[in-house]
Amino acid sequence: MEPPIAEAYTKAGGEAKLGAPSGQPEKVGDGTVQAFAKGTIFSSPSTGAHLVQGEILKVYTAQGGAGGALGFPTADEEETAGGPDVAKGGWIGEFQKGTITWLNQGDGTFKETVTQK
């Protein structure tokens, strides 16, 4: 594992939280993508190494991932204020060229929003 990805993996909880690597690292542009059983770490010299997982990862992958319109993540995915159990709570992922949110619509259903910068 490349050092930035190894550091992010350890910070995220390592194998206990993310599981083992599920394949070989993949080069994307000037960066590297390493998939794990429960998430993926994306690393580039300009953005650092960041974890994306769950529904944000599904939406990000559908948008083309690191090689797509959003570019590499610029921060780890985060829970929004109040968390997923409150209306408009959920998760947010920040990327070089946009943002993905996965928010509770107030009735227990969730909706993703992709915003380009």
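Report, by residue number, each residue of region 27-39 that is surrounded by fewer than 15 Cβ atoms within 10 Å (Cβ to Cβ) and assigned to a strand (DSSP E or B).
Kept after step one, since they are surrounded by fewer than 15 Cβ atoms within 10 Å (Cβ to Cβ), are these residues of region 27-39: 27, 29-30, 37.
Hit for region 27-39 is K27, nothing else.
Determine if region 25-36 includes at least one residue that is of a type in the set (D, E, K, R) and within 11 Å of the chain's Cα centre (by Cα). Looking for residues that are of a type in the set (D, E, K, R) and within 11 Å of the chain's Cα centre (by Cα), one finds none in region 25-36, hence no. Against the conditions (1) more than 19 Å from F95 (Cα to Cα); (2) more than 13 Å from the chain's Cα centre (by Cα), L18 satisfies every one except (2).
When you check G82 against the structure, is it at positive phi and either assigned to a loop (DSSP other than H, G, I, E, B) or out of contact with any Lys or Arg (no Cβ under 8 Å at 6 or more places or on another chain) (or both), yes or no? Answer is yes for this residue.
Results for (1) exposed (fewer than 14 other Cβ atoms within 10 Å of the Cβ); (2) among the basic types (K, R); (3) in contact (Cβ under 8 Å) with a residue 40 or more places away in the chain; (4) part of a strand (DSSP E or B), shown as yes or no for each residue.
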{"site": "P4", "(1), (2), (3), (4)": "no, no, yes, no"}
{"site": "T10", "(1), (2), (3), (4)": "yes, no, no, no"}
{"site": "Q24", "(1), (2), (3), (4)": "yes, no, no, no"}
{"site": "I41", "(1), (2), (3), (4)": "no, no, no, yes"}
{"site": "H50", "(1), (2), (3), (4)": "no, no, yes, yes"}
{"site": "V59", "(1), (2), (3), (4)": "no, no, yes, no"}
{"site": "G71", "(1), (2), (3), (4)": "no, no, no, no"}
{"site": "D76", "(1), (2), (3), (4)": "no, no, yes, no"}
{"site": "A87", "(1), (2), (3), (4)": "yes, no, no, no"}
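Scanning region 89-116 for residues being at pLDDT 90 or above, of a type in the set (D, E, K, R) and in a loop (DSSP other than H, G, I, E, B) gives a total of 1.
Mind checking which residues of region 79-112 are under 16 Å from G48 (Cα atoms) and of a type in the set (D, E)?
Within region 79-112, the first condition is being under 16 Å from G48 (Cα atoms), and the residues that meet it are 93-97.
Across region 79-112, the qualifying residue is only E94.
A single entry from Q63, Q53, Q24 fulfils the requirement of being out of contact with any helix residue (DSSP H, G or I) (no Cβ under 7 Å at 6 or more places or on another chain) and closer than 18 Å to K97 by Cα: Q63. Against the definition (of a type outside the set (K, R), under 15 Å from the mean Cα position of the chain (by Cα), surrounded by fewer than 18 Cβ atoms within 10 Å (Cβ to Cβ) and within 22 Å of P4 (Cβ to Cβ)), how does G54 come out, yes or no? Yes.
The values are calculated or read from the model by the stated rules, or taken from the named source; none is laboratory data. Fair warning: this is a prediction, and the values are worked out from it, not measured in the lab. Neighbour counts run over all protein chains shown; Cβ positions are idealised from the backbone, glycine included.
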